[in-house]
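Structure record follows, encoded as structure tokens.
The values are calculated or read from the model by the stated rules, or taken from the named source; none is laboratory data. Since the model is a prediction, treat every value here as computed from it, not as a measurement. Neighbour counts are summed over all protein chains in view; Cβ atoms, including those assigned to glycine, are modelled from backbone coordinates with ideal geometry. Ligands, DNA and RNA are stripped out before the accessible areas are found, and what is left, the full protein with its side chains, is counted by its heavy atoms. Shrake-Rupley method; radii C 1.70, N 1.55, O 1.52, S 1.80 Å.
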Amino acid sequence: MEKNVPNALSDPKKRSKLRTAVTGLISGMLVIVGAFLPLTKTEAAPADPSADYDFVHDPAMIKEGDQYYVFSTGDPDGAVGNGNIQIRTSTDMRNWEYIGTVFDQIPSWITDELGSIPNLWAPDIHYMNGRYHLYYSGSTFGSNHSVIGLATNRTLDPSSPEYRWEDQGIVFRSTQEDNYNAIDPNLVMDDSGQPWLAFGSFWSGIKMIELDSETGKPTSPTPSIHSIAQREPPGAIEAPSIIQRDGYYYHFVSFDSCCQGTDSTYRTMVGRSKNITGPYVDPDGTSMLNGGGMQFLGNEGYMIGQGGGSVYREGDQYYFVHHYYDARDNGNPKLQIRRIDWMEDGWPYAGPAIRRGQP
């Protein structure tokens, strides 16, 4: 579209305004289209932990064989799986079935470290060295006494005799003496295949450490900690997800507040960098270390607080897998999968949602 507005090409500020306008127009069109889509009984029904889109928070997706798997934050009420990481499966990214949790009980090493907590948070799933690596976090609201844990499995198919989640224990921790919060892990590979772990919430923002490719844990007991995004206090930034495309690393994060139903103010922002450790900048060149970021998703109609997301790649297509708070269902967090489309200058925007009833 910028080709049709030559005056905008020479002025980065005008380019940014045009980009925002285009993204807003697309989002608005999606809301209008969504308003005329028929609601299924499940979408309008009261919250049900076995329903396709109910009680899904901070989702991460991966595919094995012909099955997609979504892992998400544990039920904070403990009614489903004692607060452990939830698993859902689908063959089409549209119709999901709840199939259980990663653990039966929250691992004892976590409660030894943190005391009793209601649930585990924000999983991230990747395949590395012949095993699925699931990173997750444990903490309590408002505290940075937190841990990131790791569980591995040879397969995601519960019917396989090899299916067994093995608790690998702690990966990284933060305490009240630290200026960061060790939650919301995200594994990303650099150009050489070296794994890194991004994490962080509030405090001094998003951090990154190098991992050992064999263990999936830090390369040393005291790894170098790289800062890759932060905001001015109260520092409302969390949920990093980093992917690589056409020579850039794209860093998606959530700004503002989650977990308040329809009062949530979550929105998804993105920056990019030529280097995995940054600096990440937005289209205006503002560093994400100085609060920069281009808005990728905000409120859309009944979909409030769109964030807590992760990027999934299948071939050349990228998807943004996230939650929103459903204004039609008392703010219940629901799963949303959006295709990521790309502008001519390489910046992403939120494409159509993957919805039930579509071919």
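General remarks:
- Sparsely packed trypsin sites (Lys or Arg not before Pro) within the stretch 208-317, loop by DSSP, other Cβ within 10 Å at most 14: Lys274
- One decimal place: the segment Asp212-Arg94 gains 38.9 nm when fully extended, by the rule 0.36 nm per residue minus the C-alpha distance.
- Potential extension, Thr262-Asp191 segment - 0.36 nm per residue separation minus Cα distance: 21.6 nm
- In the stretch 278-354, GluC sites (Glu not before Pro) in a DSSP loop with at most 10 other beta-carbon atoms within 10 Å: Glu344
- Distance (nanometres) between label positions extended 7 Å along Cα→Cβ at Trp109 and Asp178: 1.5
- In the stretch 148-305, Cα pairs under 8 Å separated by at least six residues give a relative contact order of 14 percent.
- On a per residue basis, the stretch 44-172 carries 39 Å² of accessible surface, using protein heavy atoms and a 1.4 Å probe.
- Estimated distance in nm for a label pair at Thr286 and Arg328, the labels positioned 7 Å out from Cα along Cα-to-Cβ: 3.4
- Calculated FRET efficiency for the pair Glu64/Gln244, C-beta based, R₀ 25 Å, to 0.05: 0.70
- For the peptides 57-67, 320-330, the ranking by mean Cβ contacts within 10 Å, running from highest to lowest, is 320-330, 57-67.
- Inter-label distance for His226 and Thr155, nm, one decimal - labels placed 7 Å from Cα along Cα-to-Cβ: 3.7
- Between amide H atoms placed 1.01 Å from N, distances below 5 Å from Phe172 occur with Ile148, all of them 5 or more places distant or on a separate chain.
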